[in-house]
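Visitor: Input: one structure, supplied below.
The values are calculated or read from the model by the stated rules, or taken from the named source; none is laboratory data. Model, not experiment: these values are computed from the prediction. Cβ sites come from the backbone with ideal geometry, for glycine too, and all protein chains shown count toward neighbours. These accessible areas exclude ligands, DNA and RNA; they are computed on the full protein's heavy atoms, side chains included. Shrake-Rupley method; radii C 1.70, N 1.55, O 1.52, S 1.80 Å.
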Amino acid sequence: MKKVNAKAPGKLFIAGEYAVVEPEQPSVIVAIDRFISVTVFPVSTDFGTLHSKVLSDQPLKWTRSEKGLTFAEPAENTAIVKAAIDVAETYLTELGKPLSYYDMLIESEMVNEEGIKYGLGSSGAVTVAVIEALLNAYSVSVSDLSLYKLASLAHLSLNSNGSFGDLAAASFTGWIAYTRFNQKSLLPHLKKLSIKELIARPWDQLSIEPLLPPESLSLLVGWTGTPASTESLVSQSKSSGHDSAFSSFLEASKACVSRLIKALKAQDSKGIMREISLNRELLLEMADKKSIELETPLLHRLCKVAGDHFASAKTSGAGGGDCGIALIPKQFDSSLLTTDWEAEGIVPLDITVYKK
(Lines give C-alpha, C1' and ligand atoms only; values in the text may rest on other atoms or scores of the structure.)
Protein backbone atom coordinates (compact mmCIF):
# COMPACT_ATOMS: atom_id res chain seq x y z
CA MET A 1 0.00 0.00 0.00
CA LYS A 2 1.26 3.50 -0.83
CA LYS A 3 0.33 7.08 -0.06
CA VAL A 4 -1.90 8.52 -2.80
CA ASN A 5 -4.22 11.40 -3.53
CA ALA A 6 -7.32 11.31 -5.72
CA LYS A 7 -9.84 13.99 -6.53
CA ALA A 8 -13.29 13.91 -8.08
CA PRO A 9 -15.28 16.85 -9.47
CA GLY A 10 -18.74 18.07 -8.64
CA LYS A 11 -21.55 18.18 -11.16
CA LEU A 12 -24.31 20.33 -12.57
CA PHE A 13 -27.35 19.08 -14.42
CA ILE A 14 -27.86 20.85 -17.72
CA ALA A 15 -31.15 19.08 -18.49
CA GLY A 16 -33.17 15.99 -17.67
CA GLU A 17 -33.62 16.34 -13.90
CA TYR A 18 -36.42 14.37 -12.22
CA ALA A 19 -37.01 12.34 -15.38
CA VAL A 20 -33.52 10.80 -15.21
CA VAL A 21 -34.36 8.75 -12.11
CA GLU A 22 -36.69 6.70 -14.33
CA PRO A 23 -35.57 4.03 -16.84
CA GLU A 24 -34.65 5.09 -20.38
CA GLN A 25 -34.68 8.81 -19.55
CA PRO A 26 -31.70 10.76 -20.94
CA SER A 27 -30.01 13.71 -19.28
CA VAL A 28 -27.09 16.06 -19.90
CA ILE A 29 -24.64 16.66 -17.05
CA VAL A 30 -21.31 18.45 -16.70
CA ALA A 31 -18.44 17.93 -14.28
CA ILE A 32 -17.21 21.18 -12.76
CA ASP A 33 -13.89 22.30 -11.30
CA ARG A 34 -14.86 22.09 -7.64
CA PHE A 35 -13.40 18.97 -6.11
CA ILE A 36 -13.48 16.50 -3.28
CA SER A 37 -9.88 15.50 -2.58
CA VAL A 38 -9.00 12.27 -0.75
CA THR A 39 -5.52 11.41 0.54
CA VAL A 40 -4.71 7.97 1.91
CA PHE A 41 -1.73 7.50 4.27
CA PRO A 42 -0.55 3.96 5.15
CA VAL A 43 -0.05 3.45 8.91
CA SER A 44 1.47 0.68 11.07
CA THR A 45 -1.22 0.84 13.76
CA ASP A 46 -4.10 -1.62 14.27
CA PHE A 47 -6.65 1.06 13.48
CA GLY A 48 -7.18 3.88 10.98
CA THR A 49 -8.47 7.43 11.19
CA LEU A 50 -10.77 9.54 9.05
CA HIS A 51 -10.08 13.28 8.93
CA SER A 52 -12.73 15.59 7.46
CA LYS A 53 -13.75 19.04 8.68
CA VAL A 54 -17.12 18.54 6.99
CA LEU A 55 -17.78 15.43 9.13
CA SER A 56 -16.08 16.19 12.46
CA ASP A 57 -13.73 18.60 14.20
CA GLN A 58 -11.75 15.61 15.49
CA PRO A 59 -10.27 12.61 13.66
CA LEU A 60 -12.64 9.62 13.63
CA LYS A 61 -10.98 6.36 14.66
CA TRP A 62 -12.05 3.20 12.82
CA THR A 63 -11.32 -0.51 12.77
CA ARG A 64 -12.22 -3.28 10.36
CA SER A 65 -14.39 -6.34 10.98
CA GLU A 66 -16.32 -8.90 8.95
CA LYS A 67 -19.06 -6.28 8.60
CA GLY A 68 -16.63 -3.76 7.14
CA LEU A 69 -15.45 -0.48 8.58
CA THR A 70 -16.64 0.34 12.12
CA PHE A 71 -16.15 3.69 13.86
CA ALA A 72 -14.99 3.64 17.46
CA GLU A 73 -17.67 6.18 18.39
CA PRO A 74 -21.00 7.03 16.73
CA ALA A 75 -20.39 9.52 13.91
CA GLU A 76 -22.97 11.48 11.93
CA ASN A 77 -23.03 11.80 8.14
CA THR A 78 -20.40 9.12 7.56
CA ALA A 79 -22.66 6.61 5.81
CA ILE A 80 -21.53 7.48 2.28
CA VAL A 81 -17.82 7.39 3.15
CA LYS A 82 -18.27 4.06 4.97
CA ALA A 83 -20.20 2.59 2.02
CA ALA A 84 -17.50 3.71 -0.44
CA ILE A 85 -14.73 2.22 1.71
CA ASP A 86 -16.64 -1.05 2.16
CA VAL A 87 -17.18 -1.45 -1.59
CA ALA A 88 -13.56 -0.59 -2.41
CA GLU A 89 -12.16 -2.93 0.24
CA THR A 90 -14.48 -5.80 -0.77
CA TYR A 91 -13.37 -5.38 -4.39
CA LEU A 92 -9.70 -5.27 -3.36
CA THR A 93 -10.17 -8.45 -1.31
CA GLU A 94 -11.75 -10.14 -4.33
CA LEU A 95 -8.63 -9.18 -6.32
CA GLY A 96 -6.44 -10.85 -3.68
CA LYS A 97 -5.08 -7.66 -2.14
CA PRO A 98 -4.28 -8.04 1.59
CA LEU A 99 -5.80 -5.07 3.45
CA SER A 100 -3.86 -2.91 5.91
CA TYR A 101 -4.82 0.14 7.95
CA TYR A 102 -4.55 3.73 6.77
CA ASP A 103 -5.48 7.28 7.62
CA MET A 104 -7.78 9.10 5.22
CA LEU A 105 -8.03 12.87 4.74
CA ILE A 106 -11.08 14.23 2.90
CA GLU A 107 -11.11 17.88 1.80
CA SER A 108 -13.96 19.69 0.02
CA GLU A 109 -14.15 22.70 -2.29
CA MET A 110 -17.95 22.40 -2.46
CA VAL A 111 -18.85 24.44 0.61
CA ASN A 112 -18.58 28.16 1.30
CA GLU A 113 -16.68 29.70 4.21
CA GLU A 114 -19.63 29.02 6.54
CA GLY A 115 -19.67 25.36 5.55
CA ILE A 116 -22.89 25.61 3.51
CA LYS A 117 -22.99 23.28 0.49
CA TYR A 118 -23.25 24.80 -2.99
CA GLY A 119 -25.34 21.89 -4.33
CA LEU A 120 -22.66 20.57 -6.67
CA GLY A 121 -22.96 16.84 -6.02
CA SER A 122 -20.50 16.45 -3.14
CA SER A 123 -21.85 13.06 -2.07
CA GLY A 124 -21.17 11.65 -5.52
CA ALA A 125 -17.72 13.21 -5.72
CA VAL A 126 -16.67 11.92 -2.29
CA THR A 127 -17.81 8.40 -3.21
CA VAL A 128 -15.79 8.37 -6.43
CA ALA A 129 -12.73 10.01 -4.84
CA VAL A 130 -12.66 7.60 -1.87
CA ILE A 131 -12.95 4.53 -4.11
CA GLU A 132 -10.37 5.77 -6.62
CA ALA A 133 -7.92 6.73 -3.85
CA LEU A 134 -8.13 3.31 -2.21
CA LEU A 135 -7.75 1.46 -5.50
CA ASN A 136 -4.76 3.63 -6.43
CA ALA A 137 -3.20 3.00 -3.00
CA TYR A 138 -3.16 -0.70 -3.88
CA SER A 139 -2.02 -0.02 -7.47
CA VAL A 140 -5.35 -1.08 -8.98
CA SER A 141 -6.64 0.88 -11.96
CA VAL A 142 -10.16 0.69 -13.36
CA SER A 143 -12.00 2.21 -16.31
CA ASP A 144 -14.29 5.20 -15.91
CA LEU A 145 -17.26 2.87 -16.36
CA SER A 146 -16.07 0.45 -13.66
CA LEU A 147 -15.40 3.35 -11.30
CA TYR A 148 -18.97 4.57 -11.87
CA LYS A 149 -20.34 1.08 -11.20
CA LEU A 150 -18.34 0.69 -7.97
CA ALA A 151 -19.61 4.08 -6.76
CA SER A 152 -23.16 3.12 -7.73
CA LEU A 153 -22.91 -0.09 -5.72
CA ALA A 154 -21.94 1.99 -2.69
CA HIS A 155 -25.02 4.19 -3.12
CA LEU A 156 -27.27 1.20 -3.79
CA SER A 157 -26.17 -0.24 -0.44
CA LEU A 158 -27.71 2.88 1.16
CA ASN A 159 -30.99 2.46 -0.77
CA SER A 160 -30.49 5.69 -2.72
CA ASN A 161 -33.37 6.79 -4.94
CA GLY A 162 -31.30 9.33 -6.85
CA SER A 163 -30.22 9.37 -10.47
CA PHE A 164 -26.53 8.54 -9.78
CA GLY A 165 -25.76 11.24 -12.35
CA ASP A 166 -23.28 12.85 -9.96
CA LEU A 167 -21.36 9.56 -9.95
CA ALA A 168 -21.29 9.50 -13.76
CA ALA A 169 -20.04 13.09 -13.97
CA ALA A 170 -17.37 12.50 -11.31
CA SER A 171 -16.17 9.32 -13.02
CA PHE A 172 -16.21 10.43 -16.67
CA THR A 173 -15.86 14.25 -16.30
CA GLY A 174 -16.56 16.81 -19.03
CA TRP A 175 -19.96 17.03 -20.72
CA ILE A 176 -21.87 13.75 -20.78
CA ALA A 177 -25.17 12.36 -22.00
CA TYR A 178 -26.37 10.05 -19.25
CA THR A 179 -29.16 7.51 -18.89
CA ARG A 180 -29.52 5.69 -15.58
CA PHE A 181 -29.40 1.89 -15.39
CA ASN A 182 -32.56 -0.10 -14.71
CA GLN A 183 -32.27 -0.72 -10.98
CA LYS A 184 -34.98 -3.40 -10.90
CA SER A 185 -33.07 -5.61 -13.33
CA LEU A 186 -29.83 -5.19 -11.33
CA LEU A 187 -31.21 -5.85 -7.83
CA PRO A 188 -31.56 -9.66 -8.17
CA HIS A 189 -27.82 -9.92 -8.93
CA LEU A 190 -26.54 -7.81 -6.01
CA LYS A 191 -26.50 -10.62 -3.44
CA LYS A 192 -25.70 -13.42 -5.88
CA LEU A 193 -22.64 -12.00 -7.64
CA SER A 194 -19.31 -10.68 -6.44
CA ILE A 195 -18.46 -7.02 -6.97
CA LYS A 196 -15.91 -8.11 -9.56
CA GLU A 197 -18.66 -9.95 -11.45
CA LEU A 198 -21.17 -7.13 -11.04
CA ILE A 199 -18.98 -4.45 -12.59
CA ALA A 200 -17.90 -6.76 -15.44
CA ARG A 201 -21.47 -7.44 -16.65
CA PRO A 202 -23.52 -4.98 -18.76
CA TRP A 203 -26.03 -2.93 -16.78
CA ASP A 204 -29.44 -2.79 -18.46
CA GLN A 205 -30.23 0.61 -20.05
CA LEU A 206 -27.10 2.33 -18.68
CA SER A 207 -25.61 4.84 -21.13
CA ILE A 208 -22.82 7.34 -20.50
CA GLU A 209 -21.61 9.16 -23.61
CA PRO A 210 -19.03 11.97 -23.63
CA LEU A 211 -20.15 15.12 -25.47
CA LEU A 212 -18.24 18.05 -26.91
CA PRO A 213 -18.96 21.37 -25.15
CA PRO A 214 -20.93 24.00 -27.11
CA GLU A 215 -18.18 26.15 -28.61
CA SER A 216 -20.28 29.27 -29.15
CA LEU A 217 -21.96 29.34 -25.72
CA SER A 218 -20.72 30.18 -22.22
CA LEU A 219 -22.01 28.31 -19.18
CA LEU A 220 -22.74 30.51 -16.17
CA VAL A 221 -23.72 29.31 -12.69
CA GLY A 222 -25.59 31.24 -10.04
CA TRP A 223 -26.05 30.15 -6.41
CA THR A 224 -29.02 31.27 -4.33
CA GLY A 225 -27.53 30.37 -0.95
CA THR A 226 -30.35 27.98 -0.09
CA PRO A 227 -29.40 24.29 0.14
CA ALA A 228 -31.98 21.83 -1.19
CA SER A 229 -32.59 18.14 -0.45
CA THR A 230 -32.44 16.27 -3.75
CA GLU A 231 -33.68 12.98 -2.29
CA SER A 232 -36.65 14.67 -0.61
CA LEU A 233 -37.70 16.58 -3.73
CA VAL A 234 -37.32 13.54 -5.98
CA SER A 235 -39.43 11.54 -3.53
CA GLN A 236 -42.11 14.24 -3.72
CA SER A 237 -42.17 14.03 -7.51
CA LYS A 238 -42.74 10.26 -7.32
CA SER A 239 -45.05 10.29 -4.29
CA SER A 240 -48.29 9.78 -6.19
CA GLY A 241 -46.84 7.25 -8.60
CA HIS A 242 -46.92 7.49 -12.37
CA ASP A 243 -50.08 9.44 -12.89
CA SER A 244 -50.90 10.62 -16.39
CA ALA A 245 -49.35 14.06 -15.77
CA PHE A 246 -46.00 12.58 -14.71
CA SER A 247 -46.06 10.10 -17.57
CA SER A 248 -46.65 12.99 -20.00
CA PHE A 249 -43.74 14.86 -18.40
CA LEU A 250 -41.45 11.85 -18.87
CA GLU A 251 -42.41 11.54 -22.53
CA ALA A 252 -41.90 15.26 -23.20
CA SER A 253 -38.62 15.38 -21.25
CA LYS A 254 -37.21 12.41 -23.15
CA ALA A 255 -38.00 14.06 -26.49
CA CYS A 256 -36.61 17.43 -25.35
CA VAL A 257 -33.34 16.07 -23.94
CA SER A 258 -32.84 13.80 -26.93
CA ARG A 259 -33.09 16.87 -29.20
CA LEU A 260 -30.68 18.72 -26.89
CA ILE A 261 -28.11 15.94 -27.17
CA LYS A 262 -28.48 16.00 -30.96
CA ALA A 263 -28.05 19.80 -30.94
CA LEU A 264 -24.91 19.52 -28.79
CA LYS A 265 -23.42 16.99 -31.20
CA ALA A 266 -24.21 19.33 -34.11
CA GLN A 267 -22.94 22.43 -32.25
CA ASP A 268 -26.33 24.01 -32.92
CA SER A 269 -26.32 26.84 -30.36
CA LYS A 270 -29.86 28.02 -31.16
CA GLY A 271 -31.17 24.49 -30.84
CA ILE A 272 -29.30 24.02 -27.54
CA MET A 273 -30.76 27.19 -26.05
CA ARG A 274 -34.25 26.37 -27.32
CA GLU A 275 -34.25 22.95 -25.64
CA ILE A 276 -32.84 24.36 -22.38
CA SER A 277 -35.73 26.83 -22.22
CA LEU A 278 -38.23 24.09 -23.06
CA ASN A 279 -36.77 21.79 -20.40
CA ARG A 280 -37.34 24.54 -17.84
CA GLU A 281 -40.97 24.88 -18.92
CA LEU A 282 -41.53 21.12 -18.68
CA LEU A 283 -40.00 20.99 -15.21
CA LEU A 284 -42.09 23.92 -13.98
CA GLU A 285 -45.27 22.36 -15.33
CA MET A 286 -44.44 19.04 -13.63
CA ALA A 287 -43.53 20.77 -10.35
CA ASP A 288 -46.77 22.74 -10.35
CA LYS A 289 -48.84 19.58 -10.76
CA LYS A 290 -46.83 17.83 -8.02
CA SER A 291 -46.92 20.87 -5.68
CA ILE A 292 -43.11 21.08 -5.64
CA GLU A 293 -41.39 24.47 -5.30
CA LEU A 294 -38.89 23.95 -8.09
CA GLU A 295 -38.05 27.62 -8.54
CA THR A 296 -37.70 29.65 -5.38
CA PRO A 297 -38.19 33.40 -5.89
CA LEU A 298 -34.43 33.85 -6.29
CA LEU A 299 -34.16 31.04 -8.84
CA HIS A 300 -37.06 32.60 -10.74
CA ARG A 301 -35.20 35.92 -10.75
CA LEU A 302 -32.02 34.15 -11.86
CA CYS A 303 -33.84 32.84 -14.94
CA LYS A 304 -35.63 36.14 -15.60
CA VAL A 305 -32.40 38.17 -15.47
CA ALA A 306 -30.67 35.65 -17.75
CA GLY A 307 -33.49 35.96 -20.27
CA ASP A 308 -33.08 39.74 -20.23
CA HIS A 309 -29.48 39.18 -21.37
CA PHE A 310 -30.37 36.83 -24.26
CA ALA A 311 -29.44 33.70 -22.28
CA SER A 312 -31.38 30.49 -21.69
CA ALA A 313 -31.56 29.56 -18.01
CA LYS A 314 -33.09 27.00 -15.67
CA THR A 315 -32.63 25.39 -12.30
CA SER A 316 -29.91 22.75 -12.09
CA GLY A 317 -30.67 19.54 -10.22
CA ALA A 318 -33.63 19.16 -7.91
CA GLY A 319 -34.32 22.90 -7.60
CA GLY A 320 -35.89 24.19 -4.40
CA GLY A 321 -32.76 26.30 -3.84
CA ASP A 322 -29.10 25.74 -4.67
CA CYS A 323 -27.97 26.53 -8.24
CA GLY A 324 -29.28 27.74 -11.55
CA ILE A 325 -27.46 27.72 -14.87
CA ALA A 326 -27.49 29.98 -17.90
CA LEU A 327 -26.16 29.43 -21.41
CA ILE A 328 -25.31 32.69 -23.14
CA PRO A 329 -23.90 33.29 -26.65
CA LYS A 330 -20.26 34.29 -26.43
CA GLN A 331 -20.85 37.46 -28.45
CA PHE A 332 -22.69 38.93 -25.44
CA ASP A 333 -20.92 40.30 -22.37
CA SER A 334 -21.66 37.72 -19.67
CA SER A 335 -20.32 40.02 -16.94
CA LEU A 336 -23.38 42.24 -17.40
CA LEU A 337 -25.58 39.25 -16.59
CA THR A 338 -23.59 38.21 -13.52
CA THR A 339 -23.55 41.82 -12.25
CA ASP A 340 -27.34 41.87 -12.42
CA TRP A 341 -27.45 38.50 -10.65
CA GLU A 342 -25.40 39.97 -7.81
CA ALA A 343 -27.80 42.92 -7.57
CA GLU A 344 -30.58 40.38 -6.97
CA GLY A 345 -28.63 38.59 -4.23
CA ILE A 346 -27.54 35.71 -6.47
CA VAL A 347 -23.89 34.63 -6.14
CA PRO A 348 -22.18 33.95 -9.50
CA LEU A 349 -19.86 30.97 -8.98
CA ASP A 350 -16.46 31.04 -10.64
CA ILE A 351 -16.88 27.61 -12.19
CA THR A 352 -15.74 25.98 -15.41
CA VAL A 353 -16.38 22.52 -16.82
CA TYR A 354 -13.66 20.06 -15.81
CA LYS A 355 -12.37 17.40 -18.21
CA LYS A 356 -9.58 15.09 -17.03
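Visitor: For the range 173-224, taking Cα atoms only, what is the radius of gyration to one decimal and the Dmax to the nearest whole Å?
Guide: 16.8, 49
Visitor: A further question follows. Which log10 I(q)/I(0) values, to two decimals, does the range 293-356 give at q = 0.21, 0.24 Å⁻¹ under the Debye formula with one point per Cα?
Guide: With one equal scatterer per Cα and no solvent, log10 I(q)/I(0) is -0.83, -1.04.
Visitor: Hey, another quick one. Among 199-205, 162-168, how do they line up by average Cβ neighbours within 10 Å per residue, starting with the highest?
Guide: Going from most to least packed, we get 162-168, 199-205.
Visitor: Roughly how many percent of the accessible protein surface of the range 306-354 is carbon and sulfur, given a 1.4 Å probe and a whole-percent answer?
Guide: The C+S portion of the solvent-accessible surface of the range 306-354 is 49 percent.
Visitor: Another question, then. May I ask you to compute the full-extension gain from residue 344 to residue 243, defined as 0.36 nm times their residue separation minus their alpha-carbon distance, rounded to one decimal in nm? Write down the numbers at each step before the final one.
Guide: On the way: separation 101, 0.36 × 101 = 36.36 nm, distance 3.71 nm.
That works out to 32.7 nm of additional length.
Visitor: Can you tell me which of 277, 248, 27 moves the most in a GNM of the chain? Springs connect C-alpha atoms under 10 Å apart.
Guide: 248
Visitor: Okay, moving on. In the chain, which whole DSSP H runs stretch at least 27 Å along their own axis (Cα) and average 0.0 or higher on the Kyte-Doolittle scale?
Guide: The qualifying helices are 244-266.
Visitor: Calculate for the chain the 222 nm mean residue ellipticity that helices alone would give, adding -39,500 (n - 2.57) per DSSP H run of length 4 or more and normalising by residue count, nearest 500 deg cm²/dmol.
Guide: About -12500 deg cm²/dmol.
Visitor: Given the options 129, 326, 255, which has the most mean-square fluctuation in a GNM of the chain, springs set between C-alpha atoms less than 10 angstrom apart?
Guide: With Cα springs under 10 Å in the chain, the top fluctuation among 129, 326, 255 is at 255.
Visitor: Please calculate the 1.4 Å probe accessible area of residue 196, with all protein chains present, and give it to the nearest 10 Å².
Guide: Near enough 110 Å² of accessible area.
Visitor: For residue 51 and residue 267, what is the calculated FRET efficiency with R₀ set at 45 Å and r taken between the beta-carbons, to the nearest 0.05?
Guide: 0.50
Visitor: How far, in nm, would the chain grow between residue 274 and residue 159 when pulled straight, counting 0.36 nm per residue and subtracting the alpha carbon separation?
Guide: Working: separation 115, 0.36 × 115 = 41.40 nm, distance 3.59 nm.
Here the segment from residue 274 to residue 159 would lengthen by 37.8 nm.
Visitor: Under 17 Å Cα-Cα from residue 192, which lysines qualify once same-chain neighbours fewer than 8 residues away are excluded?
Guide: List returned: 149, 184.
Visitor: Right, here's the next one. If I stretch the segment between residue 100 and residue 215 completely, what's the gain in nm (0.36 nm per residue apart, minus their alpha carbon distance), one decimal?
Guide: 36.7 nm
Visitor: Sticking with this structure for a sec: Given labels modelled 7 Å from the Cα in the Cβ direction, how far is it in nm from residue 196 to residue 63?
Guide: 2.9 nm
Visitor: I've got another one for you. For the chain, what is the convex hull volume of its Cα atoms per residue in Å³?
Guide: Normalising the Cα hull of the chain by residue number yields 132 Å³.
Visitor: Give me the net charge for the shell around residue 343: Cβ to Cβ below 15 angstrom, other residues only, Lys and Arg +1, Asp and Glu -1.
Guide: Numbers: positive: 301, 304; negative: 308, 340, 342, 344.
Residues close to residue 343 contribute a combined charge of -2.
Visitor: Principal axis extents for the range 1-133, Cα atoms only, whole Å, descending order, please.
Guide: 47, 38, 27
Visitor: If each of residue 255 and residue 333 carries a label point 7 Å out from its Cα toward its Cβ, how far apart are those two points in nm?
Guide: Output for this residue pair reads 4.1 nm.
Visitor: For residue 93 paired with residue 140, estimate the spin-label separation in nm (one decimal), with each label point 7 Å from Cα along the Cα-to-Cβ line.
Guide: 1.1 nm
Visitor: Taking all protein chains in place and a 1.4 Å probe, what share, in percent, of the accessible surface of the range 45-105 do carbon and sulfur account for? Walk me through the intermediate numbers first.
Guide: Details: 1830 of 3490 Å².
Answer for the range 45-105 is 52 percent, counting heavy atoms of protein chains only.
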